[in-house]
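A short write-up of the structure that comes next.
The values are calculated or read from the model by the stated rules, or taken from the named source; none is laboratory data. Computed from a predicted model, the values in this text were never measured in an experiment. Positions of Cβ are backbone-derived with ideal geometry, glycine not excepted, and every protein chain shown enters the neighbour counts. What goes into the accessible areas is simple: the full protein's heavy atoms, side chains included, and nothing from ligands, DNA or RNA. Shrake-Rupley method; radii C 1.70, N 1.55, O 1.52, S 1.80 Å.
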Amino acid sequence: MRNLYLAIVKNRDHVIFIFALLFSSYILLNNDNPRMGVIRGKSAEIVAFISSPMTWVKSLLFLEEENHLLREKNVVLSLQVESMLNLQKENDQLQTMLDFKHQTTLLLQPAHVVNKGIQPNLLSIIIDVGTDDNVHPNQPVLTSKGIIGKTIETGKNASIVQLISDVNYRLSVRILPSGATGILRWLGDNQAQIREVQKNVDISIGDKIITSGFSDIYPAGLPVGQVAGVYDERGSFQKILHATLPNDMSAFQYVFVVIENSNEIE
Amino acid sequence: MKSNRYIISGVAVWLIQLLLADLLAIKTVRPDFLAILILYWAIKYGRLHGTVSGFLIGILIDLSGTASFFGLSPLLYSITGYLSGNLKGAYSKLSPFYFSLAWVGILGLQFFIFCIVQYQDILYIDPRLFWMKWLGTTLYTFCFAGILQVIYPFHRLEPC
């Protein structure tokens with residue numbers, strides 16, 4: 001026993017190293033542990049609190065430029081709303097004629113990005129909303145351009161968002177107008193790949209990509225991106241698509257969390 | 001007193017990484033100041049301190065908003081700390097070229113394991129893109145490590 005103790009003391013560098021490797025592997029293999037989730041939620045709150053002065057300074061720096069852009073966007077959106085109101089009226093009339101009722105409501109919670117993680121690559125962000133704002137794990141997060149990720153851990157007033165650029169992130173999508181479905185994964189530099197797409201569907205470059213609605217997390221119809229390339233996989237019954245994602249992953253400050261949705265089709 | 005300096009410098013670099021590294025980001029790639037700090041600490045204090053500080057800083061990194069692979073950072077930084085701890089006092093035994101090659105290799109290995117885990121899909125889909133990602137992530141941190149070498153080179157660290 002004494003010899004063992006002396007051997008451990010003598011080789012404590014190696015023993016500590018092996019212990020560190022084993023303990024890290026244990027944590028890595030127990031990512032889904034609920035107790036771990038609580039710790040991560042609390043730590044996200046602390047990081048959000050520490051980051052808040054810097055976020056405030058950053059938002060002040062970009063305030064004038066942002067204001068100018070928002071004014072421009074406001075005019076464009078007002079014009080679009082005008083034309084959409086006319087289209088909705090026409091759509092309502094046509095739906096009444098077909099006796100078809102389709103209603104989709106999304107309740108969005110705006111959030112501010114307070115931190116973009118600490119790792120050498122951008123894979124997650126922390127936002128300033130949490131359970132106090134009805135934000136819970138596994139809720140979609142998007143910008144006005146399209147989906148950017150989902151919440152994975154929530155504290156009282158901060159949440160960790162897994163970005164689309166994370167290796168574990170997959171999204172079930174539908175390509176319009178063909179209606180084909182596939183699984184999207186990130187490739188890098190606003191590019192993504194869609195697999196599991198049937199070979200016999202007609203897909204062109206520029207086709208719109210939206211969420212399919214097959215997932216429990218993402219409601220159907222949320223914008224995702226555009227088709228940038230179509231490739232036939234030899235010896236397979238599937239196509240591979242390349243997609244362009246509209247969000248610049250390194251340059252967004254505000255996001256929306258979809259906290260409630262209800263799809264009702266009769 | 002010594003441990004206070006240790007903690008203060010660690011927290012300061014963590015805050016710089018947390019608050020300022022994003023301002024230096026090129027697209028989605030950011031420099032890893034904490035890896036450089038562990039390298040310095042391990043070369044000065046040795047394997048034991050390198051491993052322990054690497055593990056603790058790794059935990060701190062993962063608690064600072066990591067989405068998936070919680071536990072990967074302590075694993076990586078422990079390896080970096082342990083390996084670079086072997087370089088304690090090695091500057092006088094090795095030639096400067098081999099000494100530099102050793103710490104460059106350790107940092108390269110750390111980012112390689114990180115990229116293998118984080119970009120395993122890309123390695124399968126487009127190996128060229130994977131190697132570019134690894135190179136980009138590694139070189140950006142090397143640039144800052146290189147600048148620090150001019151200001152305060154590793155060989156000026158007195159082994160404790």
Rounded Å value of the spacing that divides the Cα centres of region A:12-80 and region B:96-160: 24 Å
Additional length obtainable on full extension of the chain from A:Gln191 to A:Phe252, 0.36 nm per residue less Cα span: 20.3 nm
To the nearest 20 Debye, how big is the dipole of the protein assembly as shown about its Cα centre, given +1 on the beta carbon of each Lys and Arg and -1 on that of each Asp and Glu? 2200 debye
Can you give me the solvent accessible area of A:His112 with a 1.4 Å probe, rounded to the nearest 10 Å²? 30 Å²
Run lengths n ≥ 4 of DSSP H only: what is the helix-derived mean residue ellipticity at 222 nm for chain B, with -39500 (n - 2.57) per run over all residues, to the nearest 500? -24000 deg cm²/dmol
Relative contact order in percent for region A:173-266 (Cα pairs under 8 Å, 6+ apart) equals 26 percent
Which aspartates and glutamates have a Cα lying under 20 Å from the Cα of A:Lys73, excluding residues fewer than 8 positions away in the same chain? A:Glu64, A:Glu65, A:Glu82, A:Asp248
Among the lysines, which have Cα under 21 Å from the Cα of B:Lys93 when same-chain residues fewer than 8 positions away are ignored? B:Lys44
Can you spot the lysines whose alpha carbon is less than 17 Å from A:Lys150's alpha carbon? Ignore those fewer than 8 places along the same chain. A:Lys116
Of the accessible area of chain B, with the probe set at 1.4 angstrom, what percent is carbon plus sulfur? 72 percent
Normalised contact order of chain A, rounded percent, pairs of Cα under 8 Å and 6 or more residues apart: 19 percent
In nm, the gap between the two label points placed 7 Å beyond Cα toward Cβ at A:His68 and B:Asn86 is 5.5 nm
The summed charge of the A:Gly130 Cβ neighbourhood (under 9 Å; Lys/Arg +1, Asp/Glu -1) stands at -3
Place a point 7 Å from Cα of A:Ser178 in the direction of its Cβ. Which residues in region A:220-261 have their backbone N less than 13 Å from it? A:227-233, A:237-243
Charge sum, other residues only, whose C-beta stays under 15 Å from A:Ser215's C-beta, Lys/Arg counted +1 and Asp/Glu -1: +2
What net charge is computed for the residues neighbouring A:Ile183, neighbours being all others with C-beta under 13 Å from the C-beta of A:Ile183, Lys and Arg scored +1, Asp and Glu -1? +3
Taking H as built 1.01 Å from N, whose amide H comes closer than 5 Å to the amide H of A:Lys150, not counting residues under 5 places away? A:Val141, A:Gln162
Calculate the FRET efficiency for B:Ser95 and B:Arg156 from the Cβ-Cβ distance with a Förster distance of 30 Å, rounded to the nearest 0.05. 0.95
What number, in nm² with one decimal, is the all-direction average of the projected area of the convex hull of the alpha-carbon atoms of region B:2-156? 9.3 nm²
List the residues, sorted by chain then number, that are 5 or more residues from A:Gln191 or on another chain and whose placed amide H is less than 5 Å from its amide H. A:Leu245
What do you get for Rg/Rh of the protein assembly as shown when both radii come from the Cα atoms and Rh is the Kirkwood radius? 1.04
A:His112 versus B:Lys27: modelled label distance in nm, points set 7 Å from Cα along the beta carbon direction: 3.0 nm
Using only the alpha carbon atoms of region A:88-243, find the Kirkwood hydrodynamic radius as the inverse mean reciprocal pair distance, in angstroms to one decimal. 17.2 Å
So, R0 is 35 Å and r is the distance between the beta-carbons of A:Thr131 and B:Leu15; what FRET efficiency does that work out to, to 0.05? 0.85
From the backbone phi of region B:75-83, what are the Karplus-calculated ³J(HN,Hα) couplings (6.51 cos²θ - 1.76 cosθ + 1.60, θ = phi - 60°) in whole Hz, Gly and Pro given as x? 4, 5, 6, 5, 4, 4, x, 5, 5
Based on C-alpha coordinates, I'd like the Rg and Dmax of region A:158-266, in Å. 14.5, 47
If each of B:Val104 and B:Leu135 carries a label point 7 Å out from its Cα toward its Cβ, how far apart are those two points in nm? 1.5 nm
